[in-house]
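Down below is the structure, laid out as structure tokens.
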Amino acid sequence: MNTPVVTARGTRDGAALAQLVGEALTRAQGHADTEDAAEIRAITDAMVRLLIGAPLHADGKLTVVSLAAEAGLRRNKLTHKHTGLKDLFYALVKARTPVPEALPDSARARAAKQQQDLTRVRAERDDLRGQAQLLARIVHVLEIENSKLKETNAALEQQVAAQSSVPDLTRRRRRP
């Protein structure tokens, strides 16, 4: 019996398990040379390729549709005929959450400091956004007030010019 050796934790475990289960199912059902054995072999090989992230015929998503496409079969072969393999695939996908490796204390401390820095920078960014919005509103109000003051000043200058009989000497040109 050709049993794969499982040495690494994570996605390779799921792929090795899928391959092992496929071989066991083929032998247990006694279909060593039938069409069912070929389908089982195709499905388990497709599981292995999808679980290790090296699909040949599918988009690489971990779904039954992608598994069927990768195996070169129709989806209903998995949903109606080989339901145990479908369930196994979903169980392997669900169980493939990577196990985090133990981080040294220095890496943990650095990660914690980076998280604190990120939180501080985000708070500063939010504060600066608020200040920028406030300044924009202030500038807008000042522009409106300045425009009104200019209009008022122009109107007052016209009134003074109309009421005054004295010519405006500031507007005259000086002779060289």
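The values are calculated or read from the model by the stated rules, or taken from the named source; none is laboratory data. The shown structure was predicted, so the numbers you read here are calculated from the model rather than taken from an experiment. Ligands, DNA and RNA are stripped out before the accessible areas are found, and what is left, the full protein with its side chains, is counted by its heavy atoms. Shrake-Rupley method; radii C 1.70, N 1.55, O 1.52, S 1.80 Å.
Rounded if a/c is under 1.5, else prolate if a/b is larger than b/c, else oblate: which is region 41-156, with a ≥ b ≥ c the root eigenvalues of its Cα gyration tensor? Oblate, because a/c is 1.5 or more while a/b does not exceed b/c.
How much of the accessible area of region 39-121, probe 1.4 Å, is carbon plus sulfur, in whole percent? Kindly include the intermediate steps, with their values, before the conclusion.
Numbers: 2980 of 5260 Å².
Carbon plus sulfur share of accessible area: 57 percent.
Given their separation in residues at 0.36 nm each and the Cα-Cα distance between them, Thr83 and Gln163 gain 18.8 nm when the chain is fully extended. The slack in the chain from Thr152 to Ala111, taken as 0.36 nm per residue of separation less the alpha-carbon distance, amounts to 8.6 nm.
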